[in-house]
Structure formats: C-alpha cells, structure tokens
C-alpha cells in the first residue's frame with residue numbers, strides 16, 4: 001500500500017474511533033497505560049536503556065529502584081514517563097512548538113551523574129555528533145554552529161503548517177505529513193548532545209496527539225527498518241514516502257489498540273502474563289539466594305545508616321509544608337517481634353529546633369541503646385492539622401517506614417488516603433544510596449502535594 005492510501009486509512013479509522021464519543025474512564029485508563037508502557041520501554045531501549053519491559057512497568061508504578069540496573073536508566077524512564085503522561089493527559093489541543101518547550105522536554109527525560117555532562121542537558125549541542133549507519137558509514141549531523149538557525153527555521157515551518165491546519169486553509173498540509181516531516185528534519189539536525197531520538201519521537205507524538213491521532217512507538221523488531229529508512233533519507237537521497245508509509249502503519253496499530261479496548265478485547269501482549277510470572281519467580285530466587293537473612297545487627301545497621309539519612313532528609317523537606325497548616329506534628333513509630341507498637345511523639349517545631357544540635361547522632365545513639373530490640377518496622381509519621389486555605393480545613397498525614405522481612409527490607413509509605421506504596425526493596429547486603437533516598441523524599445513530597453490538591457478541590 002502506498003503512503004497516500006495508508007494515510008486515508010488512518011483518517012477513516014480515526015473517524016471510526018471518534019464516532020464512539022467520549023470513552024469510559026476505565027477504557028481510557030487502560031489505553032493510556034498501554035501507550036505509556038510501550039512508548040516508555042521501546043523508545044528508551046532504542047537508545048541503550050537496560051530496563052526490561054517489566055522493570056519499566058515497575059518504575060511507572062512508583063518503585064524507584066531496580067536491582068542491578070543503573071540509576072541513570074531508572075531516572076530516565078521515570079522522567080520520560082512523566083513527560084509523556086502529561087502529553088497524554090492534555091490530549092487533543094492547539095499546540096505550537098517552541099525552543100523552550102523542546103529544551104524542557106529534554107531536561108525532563110535526561111539524567112547524568114557526571115556534573116560536566118549534566119550541564120549539557122536542555123542546551124543545544126556544542127560538539128559535533130554523528131552516527132554509523134547500517135552500511136557501516138559515518139553520517140555527520142548538523143554542525144553545532146548551525147543548530148540555532150536550523151531549529152528556528154524548523155519551528156517556523158512547523159508552526160506555520162499547524163496554523164494553516166487549525167485555520168482550515170485549503171492549501172493546508174495533512175497533519176500526518178506535518179508530524180512525520182518534523183521527525184525527519186529534527187533527527188537530521190540532532191540538536192542535543194544525546195537524547196535526540198527520544199525527543200524526536202516525543203515531539204512527533206505531541207503533534208499527532210494535538211491533531212487528534214494516537215501516538216506510535218517502534219518495537220524491537222521494527223528498529224532495523226526504521227533506522228534504515230532514516231539513514232537512506234539522510235545520506236543517500238531515499239524517498240521520505242517510505243518512512244511516511246512505515247510510520248503511518250505504526251499509527252494504524254495504535255488506532256487498532258484503541259478499537260480493541262473499546263470493544264472489550266485484551267490489549268496486552270500475548271506473553272505479558274508469562275513475563276510477570278517469570279519476574280516474580282526471579283524475585284523469589286533472588287531473596288532465597290541472599291547471603292544475609294533477617295538479623296538484629298543487619299536491621300540496626302540499616303537504620304543507623306540508611307534510616308538516619310532518610311529521616312533527616314524527610315524532616316528537612318517536609319517541614320516546608322508546615323506554614324500551610326495550623327498545627328504540625330511528627331512521631332517515630334516502631335513495632336517489635338512481640339507485636340507491640342510504640343511511638344515517640346514530638347512536636348515538629350521542637351524537633352526541628354533541635355535537629356542541628358543533636359541529629360543524626362542522637363538517633364544513632366537511640367538505636368544503639370535498643371540493640372536487643374528486633375524491629376518488625378520502624379518509620380516516621382508526619383501529621384498536618386487544619387489546612388489554612390480551605391473552609392472547612394482538612395488534615396493530611398504520611399507515614400514512611402522500613403519493614404524488615406526474612407530476606408529483604410522495604411521502604412513503604414501510607415497516607416491519610418489509606419493507600420500504601422512500595423518505594424524500594426533491598427537485600428540486607430544493600431544500604432540505600434543517597435540518590436535513592438533523595439528519590440524517596442521527592443516522591444513523598446509529590447504525593448503530599450497531590451493529596452493537598454485533591455482535598456482542596458473536595459472542599
């Protein structure tokens with residue numbers, strides 16, 4: 001099928017989808033989850049991300065560590081998911097592309113541990129970049145000095161086409177043409193030091209979604225033909241129509257997923273369930289192979305190292321919510337093997353006054369004095385009473401805690417919504433890295449912000 005025919009098929013299928021009107025919330029949620037999972041996994045794995053499909057799924061639901069995988073890979077999946085989730089949430093809308101928006105997307109999906117590399121994020125490249133194509137030949141992308149002007153011209157062309165479409169002009173191009181031509185032009189420039197493929201696919205999908213079409217992604221088996229089409233166009237005068245035809249087929253696949261979901265059909269991959277079972281079995285094996293099992297010295301070591309730093313960071317960060325409420329309070333809560341619960345209640349204000357003088361040493365000393373206490377769990381609870389900016393005022397609370405099992409320990413969170421989220425699970429050989437703890441604190445703070453927003457709307 002030649003491209004114009006496939007483009008017409010895309011339009012016909014989209015009309016069929018649109019005829020269903022507003023989709024049920026459960027159907028829309030299922031479709032968006034499928035789009036997010038495949039888009040996150042396939043787009044990042046194309047660029048060398050090592051997370052599996054199931055590990056990607058795990059990061060998407062809030063588990064911020066994946067055993068044995070680089071923190072860079074985890075954080076880039078997390079950032080990528082946040083960016084595309086917002087695009088899917090906004091859906092069809094008027095859109096204009098800008099340098100700032102492109103830079104912000106790049107900042108959202110990239111992570112670098114090295115400070116020198118981190119400085120490059122969100123900025124046009126300052127060094128030449130190139131690719132070795134499928135023929136083993138080198139192709140150089142646009143020189144760094146040309147990037148500002150080339151990107152300015154690309155945005156002007158694209159925005160002019162968008163305006164023509166939205167104004168219904170007779171000579172307006174087809175939306176699919178605009179999105180796919182943008183993709184080709186963008187990857188030819190390759191404006192950033194890294195992450196150009198991911199940003200190209202995000203921006204192309206942003207255009208498609210704003211025009212009312214679903215996003216696409218490139219499966220593992222499709223990468224070779226995708227890269228070949230791009231290379232032929234870039235270096236050998238290949239026809240863009242071949243790429244257009246290929247990409248339109250990917251859009252058709254996404255449309256069929258929507259129709260299947262509407263009609264109650266499964267939209268999971270056939271082997272998704274098998275993958276979940278295998279992942280579960282591997283996690284059990286890992287626990288059983290652990291060199292360390294639950295023991296007093298291991299528990300106390302975790303608390304006096306990871307626990308001290310986590311609690312210190314939580315108190316420092318979450319105290320910034322205090323001025324939104326009339327009363328604030330914090331308490332340590334722990335339980336032992338005898339099933340007894342204890343809490344050490346302190347006023348948040350008083351605790352924060354003492355933190356510079358005695359924390360964390362005082363906490364370390366307290367744990368050491370409890371050397372014979374076999375903790376089942378240990379955590380810190382924050383409670384804010386009387387939100388000042390609503391009538392009637394409401395209360396918010398969060399409890400972040402360590403739970404010590406036979407072969408591993410977990411860091412979990414409960415909120416006043418009575419839901420529980422598992423942030424991390426580690427063997428007793430592992431202490432939490434500072435980066436892990438910072439991620440937990442960031443997640444807790446975001447959860448509190450979201451809870452305040454939702455309750456504010458309720459009242």
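The values are calculated or read from the model by the stated rules, or taken from the named source; none is laboratory data. On a predicted model such as this, the values are computed, not experimentally measured, just so you know. Methodologically, a virtual Cβ is constructed for each residue, glycine included, from the backbone with ideal geometry; neighbour enumeration extends over all protein chains shown.
In the stretch 221-241, the qualifying residues are those that are in contact with a helix residue (DSSP H, G or I) (Cβ under 6 Å, 6 or more places away or on another chain) and without any contact (Cβ under 8 Å) to a residue 40 or more places away in the chain, and the one that is nearest to residue 132 (Cα to Cα) is 229. Each residue in the stretch 92-114 was checked for being loosely packed, with under 15 Cβ neighbours inside 10 Å and either at pLDDT below 90 or not in a helix (DSSP H, G or I) (or both), and 7 of them qualify. Specify the residue that is surrounded by the fewest Cβ atoms within 10 Å (Cβ to Cβ); the eligible residues are those in the stretch 443-457 that are closer than 17 Å to residue 78 by Cα and without any contact (Cβ under 8 Å) to a residue 60 or more places away in the chain. So the residue we want is 446. Of everything in the stretch 117-143 that is exposed (fewer than 13 other Cβ atoms within 10 Å of the Cβ), in contact (Cβ under 8 Å) with a residue 12 or more places away in the chain and in contact with a strand residue (DSSP E or B) (Cβ under 7 Å, 6 or more places away or on another chain), the residue that is farthest from residue 230 (Cα to Cα) is 128.
Quick check on the stretch 169-179. Is at least one of its residues within 29 Å of the chain's Cα centre (by Cα), modelled with pLDDT of 95 or more and either outside the structural domain of residue 108 (by TED's automatic domain parsing) or assigned to a loop (DSSP other than H, G, I, E, B) (or both)? No. Among all residues of the stretch 41-54, there is none that is over 23 Å from residue 220 (Cβ atoms) and assigned to a loop (DSSP other than H, G, I, E, B).
Report yes if some residue within the stretch 54-61 is surrounded by fewer than 18 Cβ atoms within 10 Å (Cβ to Cβ), more than 29 Å from residue 430 (Cβ to Cβ) and assigned by TED's automatic domain parsing to the domain that holds residue 121; otherwise report no. No, the conditions are met nowhere in the stretch 54-61.
Based on what the data block shows, is residue 12 free of Cβ contacts under 8 Å to residues at least 12 places away in the same chain and on the phi < 0 side of the Ramachandran plot? Criteria met by residue 12. Screening residue 157 against (1) more than 23 Å from the chain's Cα centre (by Cα); (2) buried (at least 16 other Cβ atoms within 10 Å of the Cβ); (3) part of a helix (DSSP H, G or I); (4) at pLDDT 95 or above leaves a single unmet condition, (2).
Inspect the stretch 353-373 for any residue being modelled with pLDDT under 65, surrounded by 13 or more Cβ atoms within 10 Å (Cβ to Cβ), part of a strand (DSSP E or B) and more than 26 Å from the chain's Cα centre (by Cα) and give the result as yes or no. No: the stretch 353-373 contains no residue that is modelled with pLDDT under 65, surrounded by 13 or more Cβ atoms within 10 Å (Cβ to Cβ), part of a strand (DSSP E or B) and more than 26 Å from the chain's Cα centre (by Cα). Residue under question is residue 402, and the condition is that it be at pLDDT 80 or above and part of a strand (DSSP E or B); does it hold? Here the answer is yes, as residue 402 does meet what is asked.
If the condition is being farther than 20 Å from residue 200 by Cβ and crowded, with 19+ Cβ neighbours inside 10 Å, then the stretch 38-53 contributes 51, 53. Within the stretch 12-32, being out of contact with any helix residue (DSSP H, G or I) (no Cβ under 8 Å at 6 or more places or on another chain), exposed (fewer than 15 other Cβ atoms within 10 Å of the Cβ) and outside any loop (DSSP other than H, G, I, E, B) holds for 12, 15, 18, 25, 26, 29. Of 437, 448, 380, 411, all but one fail to be part of a helix (DSSP H, G or I), in contact with a strand residue (DSSP E or B) (Cβ under 8 Å, 6 or more places away or on another chain) and at pLDDT 80 or above; the exception is 448.
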